[in-house]
1. Which of the following residues is without any contact (Cβ under 8 Å) to a residue 60 or more places away in the chain, open to solvent by less than 50 Å² (accessible area, probe 1.4 Å) and touching a Phe, Trp or Tyr at 6+ places or on another chain (Cβ under 8 Å): Ala185, Ala243, Ala227, Ala193?
2. Could you tell me how many of the residues in the stretch 28-49 are touching a helix residue (DSSP H, G or I) at 6+ places or on another chain (Cβ under 6 Å) and either farther than 29 Å from Lys278 by Cβ or not in a loop (DSSP other than H, G, I, E, B) (or both)?
3. When residues of the stretch 280-299 are filtered for being surrounded by fewer than 17 Cβ atoms within 10 Å (Cβ to Cβ), in contact (Cβ under 8 Å) with a residue 24 or more places away in the chain and of a type in the set (Ser, Thr, Tyr), how many remain?
4. Please go through the stretch 149-186 and give me each residue that is in contact with a Leu (Cβ under 6 Å, 6 or more places away or on another chain) and either assigned to a strand (DSSP E or B) or basic (Lys, Arg) (or both), ordered by number.
5. Mind checking which residues of the stretch 122-150 are open to solvent by less than 10 Å² (accessible area, probe 1.4 Å) and over 20 Å from Ile242 (Cα atoms)?
6. Counting residues that are within 27 Å of Arg57 (Cα to Cα) and out of contact with any helix residue (DSSP H, G or I) (no Cβ under 7 Å at 6 or more places or on another chain), which strands (runs of 3 or more DSSP E) fully inside the stretch 209-315 reach at least 1?
7. Within the stretch 98-146, count every residue that is under 24 Å from Arg180 (Cα atoms) and touching a helix residue (DSSP H, G or I) at 6+ places or on another chain (Cβ under 7 Å).
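The values are calculated or read from the model by the stated rules, or taken from the named source; none is laboratory data. All figures in this text were calculated on a predicted structure; none of them were measured in a lab. Cβ coordinates were reconstructed from backbone atoms using ideal geometry, including for glycine residues, and neighbour counts include every protein chain displayed. SASA here: full protein model, heavy atoms, side chains in, ligands and nucleic acids out. Shrake-Rupley method; radii C 1.70, N 1.55, O 1.52, S 1.80 Å.
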Amino acid sequence: EIAKLALTALPAALPLARPLSALAQARPNSTINGVRVGAITYSYRTMPDQSADATLRYVVDSGISQIEFMGGPIEAFAGAPAAPQGGGGRRGGQPQTPEQQAAQREAAAKLRAWRTSVSMDRFKILRKMYNDAGVTIYAWKRMSPNMSDDELAYIFNVAEALGCTHTTLELIEDAAQLKRIGAFAEKKKIYAAYHTHLQGSMSAFDQAFSLSKGNMANVDLGHFVAAGGDPVAFLAKFHDRIASFHLKDRTTPEHGQKNVVWGTGDTPLTALLQMVKKNKWTMPATIEVEYDVPEGSDAVKEVRKCLDYCKTALA
């Protein structure tokens, strides 16, 4: 049945710079000495084509075999209507007109209606396309705490169809929402993993963890350094509540909190990776390229450089 559906999906899935058969032959492997190294597709945001098909090519060409997928290309592949643009009553720095606000509300309503009625078939096709090329999807990021119960159910259903172990979202402080989302996670047996920026700390996840066993961390250990924290201490203490963690090189507050090329900042990347290796922890370490891509390079090359850094660190 999946094969028949895949045949009907091919016109929407093409063209690719290289055919899918070539991708399948490449079959990357980014598990290094037992450490699962992946990447978030946000790393490829500067690439010209943001479709799910092109993203697969970027991932394989980077040598990555497991990913956290940002949600837009996945929904576009499945046929979602256009997401509402803008927000907060302003657009382009100017107040939205009543017509623009009405159009945004209409687009949001169409997207909600689509999400709560769509079949999982296209998501399963996307999963197979990625798996056939040697890439697994361990997480996807599309959830918002202001979603209805029906939309939350959709989020977890898609995560299941994609083969994810968790779905990610920004860390929130609303206890009722943390409990509500955690209940969905426990029911579906797919974690809700909360992402942090500069609010990351040794106590940032305490409330989320206490309210549900379904709530986990998708902590960014580069941002953790930029906030003045000790990422090694965090990983040691909370390793059993981390669904996946982001790796990037940033500098401390004393050094300007900069996003920098790996190996030039203050994030103890090698120590973190070696800790995972030594303890045989299985959570993915997620490469996130957030520094400016150097002239003459591109995001695919930079992800590969970060992967090479991991290989050296884990040798």
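1. Working: Ala243 fails: without any contact (Cβ under 8 Å) to a residue 60 or more places away in the chain; Ala227 fails: touching a Phe, Trp or Tyr at 6+ places or on another chain (Cβ under 8 Å); Ala193 fails: touching a Phe, Trp or Tyr at 6+ places or on another chain (Cβ under 8 Å).
That would be Ala185, the only listed residue that is without any contact (Cβ under 8 Å) to a residue 60 or more places away in the chain, open to solvent by less than 50 Å² (accessible area, probe 1.4 Å) and touching a Phe, Trp or Tyr at 6+ places or on another chain (Cβ under 8 Å).
2. Of the residues in that region, 9 qualify.
3. 1
4. Keep residues of the stretch 149-186 that are in contact with a Leu (Cβ under 6 Å, 6 or more places away or on another chain), which gives 178-179, 182, 184.
Matches in the stretch 149-186: Lys179 only.
5. Scanning the stretch 122-150 gives Phe123, Leu126, Tyr130, Ala133, Val135.
6. On the way: elements: 215-218, 245-247, 285-287.
The strands (runs of 3 or more DSSP E) meeting that bar are 215-218, 285-287.
7. 9
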